[in-house]
Amino acid sequence: MTALALKDSDFYFTNYRLTFTTSNSEEILQRVKMRLRFFQGEWFLDTAHGIPYYQEILGKKPANLNIVSKIFNDAILEVEGVLSIIESIIDIDNENRQVLYSFKAEIEGDTIGSTIPFNI
């Protein structure tokens, strides 16, 4: 598989040319990050698609980290190519008002992982 490479949710250019992902694991990781940053209701053609940030996560005090973790893990498992979640950790950084979601997932022949910050 080959996809356009994204950096900070925008197209990535090298020498004024669009860059493509260089490996299957890079593409799957990119799709996981896009999935986790997609708010439910954001796409007008399918308002049920996406992470229910406004509906179930943001503004809930105290935040139920088990529910948040389940929502994120389920979203990752929906990405084509992801076989299983090896590890997932949610850390709250109150000083910077961020939630840090770290995960490792198994894909065919490899593992992928990342830490994704969410501003709260």
Before rounding to the nearest 500, sum -39500 (n - 2.57) across all DSSP H runs of length at least 4 in the chain and divide by the residue total; then give [θ] at 222 nm in deg cm²/dmol.
-> -7000 deg cm²/dmol
Determine the gain in length on full extension of the stretch Asn24-Ile89; use 0.36 nm per residue of separation and subtract their C-alpha separation, reporting nm with one decimal.
-> 21.0 nm
Whether segment 24-119 is rounded, prolate or oblate, judged on the alpha carbon gyration tensor where a/c under 1.5 counts as rounded = oblate
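Let me have the relative contact order for the chain, percent, based on Cα pairs under 8 Å that are six or more residues apart.
17 percent
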Counting only DSSP beta bridges with both residues in the chain, what percent are antiparallel, rounded to the nearest 5?
-> 95 percent
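Pop the C-beta distance of Phe38 and Lys104 into the FRET formula with R0 = 30 Å and round what comes out to the nearest 0.05.
The calculated FRET efficiency here is 0.90.
Here, each number is a calculation from the coordinates, and none is a lab measurement. Here the structure is a predicted model, which means the values were calculated and not measured. All Cβ positions, glycine included, derive from the backbone under ideal geometry; neighbour counts span all protein chains shown.
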